[in-house]
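Structure first, then comments.
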Amino acid sequence: MKKQVLAISLGLLTLGSFAQKKELKSIEKALSNNDFTGALTIVNSLDSSIESADEKYKSKFYYLKGQAYAGKKEYQKAADAFNQLFDYEKKIGKERYTAEAKPQLDKLIQSVSEKAISLYNNDNNYKEASKYFYLTYKLSPRDTAFAYNAAVSATQAKDYDTAIDYYKELIQIGYTGKEVQYFAVNKSTGKEENLGSKTQRDLMVKSGKYSNPTQKTTEGRSASIMKNFALILKEQGKTDEAIKAISEARKANKNDLNLILNEAQLYIELGKMDKFGELMAEAVALDPNNPTLYYNLGVVNFNQGRTEEAAKYYRKAIELKPDYSDAYMNLSVVILAKEKEIVEEMNKNLSNFKKYDELALKQKEVYKEALPYLEKADSLNRSIDTVKSLMSIYEVLEMQDKAKEFRDLYKSMQ
């Protein structure tokens, strides 16, 4: 009786294996005819029974399943099937289809990433680009830069809820954006080239075509991520969360200048100029030779009515950067601000000719003080504002030739 049962069991096993082998051949035939729908119909019919299949049939099933989903452009399911194959063959210690499947998965990932890049660069379809960048990341989790691209694209599309989710994931996985790039000098051109990976770089040097191998680490994106994360929260009206996010980032990176500047920018967005000024002063302490920081401190102090401090900061910015046109322009504005009180006094003394004339001379002295800075700003970066301001000053100072020159210039720019 036992022998009979055993014989029946063996018979059933053989029959099942024969059926699976036949169906796998049917999937192969459908794939060769680009009948991906037909292939998937058979794949789905085998899904529930494949666990009991022989090793070789199981491996082949996962391989064919990946191809079928790839053909239907169901990229995530295709990648899942290929990864099932890799995990399974690694587990059993026999790589029957891994070598063939890996380049197919790489090609699939490349196809998705190229679509994402095209949607972003050529179509300006940031919402769809975001989906494909994120899909590229899910297909190849080691390529975390695609998750960053997905977050940036979602932000561009103003799909803020999605962007927040992506930024949260980047923070959770500890993404920094730093990467090591491998360079060598092309002997035929004499130019340094990025050769992708250390292995590739070393091979090219070994070939004799390249020399002087070096490597560089790119700047990280942590500050940019926290800034964008915080600004999106602010855009959504979640001001407290935005401030908390950037403050938390700074706790771990107290001397990160970019984070300080990003927090300062956030306070500008919130209209809190006093806090902005504090942070800019902190930034100056970290980077005392940065002209832009002094320029921004000049803006803050001027807006808060501290004109002497503003002038001091603009002069420092010019000292560090002699061609800083905006600093020259703003310094002239600070000087011309002295005119306000003089004009008010002039209006009060319209019938007191002696006092009025004294004030008029005082006004001209202010114009003379501001003039060289305004002229320098115009020479570095001419605009309709610099031309109009100079035209007015030349007229008040009775510099007729200059006034006419700039009056004509102003008319031509309107």
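The values are calculated or read from the model by the stated rules, or taken from the named source; none is laboratory data. Computed from a predicted model, the values in this text were never measured in an experiment. So basically every Cβ, Gly included, is an ideal-geometry build from the backbone, and we count neighbours across all protein chains shown. Heavy atoms of the whole protein, side chains included, go into the accessibility calculation; ligands, DNA and RNA do not. Shrake-Rupley method; radii C 1.70, N 1.55, O 1.52, S 1.80 Å.
Which residue, Asn125, Ser113, Tyr148, has the largest displacement toward the positive end of the dipole of the chain when charges sit on each Cβ (Lys, Arg +1; Asp, Glu -1)?
Comparing the listed Cα positions along the dipole, Ser113 ranks first.
Among Asn122, Asn186, Asn290, whose mean-square fluctuation peaks in a Gaussian network model of the chain (Cα, cutoff 10 Å)?
Asn186
Output the 0 to 90 degree angle, nearest 10, between the alpha-carbon long axis of helix 145-156 and the longest principal axis computed from the alpha carbons of the chain.
Once rounded, one gets 50 degrees.
Just name one of Thr292, Ala310, Tyr267: the one whose Cα is farthest towards the positive end of the charge dipole of region 265-316 (beta-carbon charges, Lys/Arg +1, Asp/Glu -1).
Going by the charge dipole, the pick is Ala310.
Which one of Ala68, Ala30, Gln20 is farthest out on the positive end of the charge dipole of region 15-95, using unit charges on Cβ (Lys, Arg +1; Asp, Glu -1) and the Cα centre as origin?
Ala30
I'd like the accessible area for Phe353, computed on protein heavy atoms only with a 1.4 Å probe and all protein chains in place. Round to 10 Å², please.
Here the accessible area works out near 140 Å².
Would you mind checking the tilt of helix 339-348 against the longest principal axis of the Cα atoms of the chain, expressed as 0 to 90 degrees and rounded to 10?
40
Taking all protein chains as present, what is the carbon and sulfur share of the accessible area of region 15-95, in % to the nearest whole number, probe 1.4 Å?
That share works out to 48 percent.
Per the 1.4 Å probe, what fraction of the accessible area of region 185-227, in percent, lies on carbon and sulfur atoms?
49
Expressed as a whole percentage, what fraction of the accessible surface of region 326-414 belongs to carbon and sulfur atoms when a 1.4 Å probe is rolled over the protein heavy atoms?
Reported share for carbon and sulfur atoms: 49 percent.
In this model, which of Lys348/Lys411; Lys376/Lys411; Lys312/Lys404; Lys25/Lys58; Lys73/Lys138 are farther than 24 Å apart at the alpha-carbon?
Pairs exceeding the cut-off: Lys348/Lys411; Lys312/Lys404.
Quick check on my link table: of Lys21/Lys77; Lys272/Lys368; Lys29/Lys77; Lys216/Lys238; Lys127/Lys168, which ones sit more than 28 Å apart, alpha carbon to alpha carbon?
Exceeds cut-off: Lys272/Lys368; Lys216/Lys238.
What net charge is computed for the residues neighbouring Ala184, neighbours being all others with C-beta under 14 Å from the C-beta of Ala184, Lys and Arg scored +1, Asp and Glu -1?
Result for the local shell: +4.
Only four residue types carry charge here, +1 at the Cβ of Lys and Arg and -1 at the Cβ of Asp and Glu. Report the dipole size of the chain about the Cα centre in Debye, rounded to the nearest 20.
2020
Excluding ligands, DNA and RNA, what is the solvent-accessible area per residue of the chain at a probe of 1.4 Å, expressed in Å²?
58
So, with +1 on the Cβ of K and R and -1 on the Cβ of D and E, and no other charges, what is the size of the charge dipole of region 263-409 about its Cα centre, to the nearest 20 debye?
Around 300 debye, computed over region 263-409.
Mind computing the radius of gyration and Dmax over the alpha-carbon atoms of region 113-173? Å is fine for both.
10.3, 31
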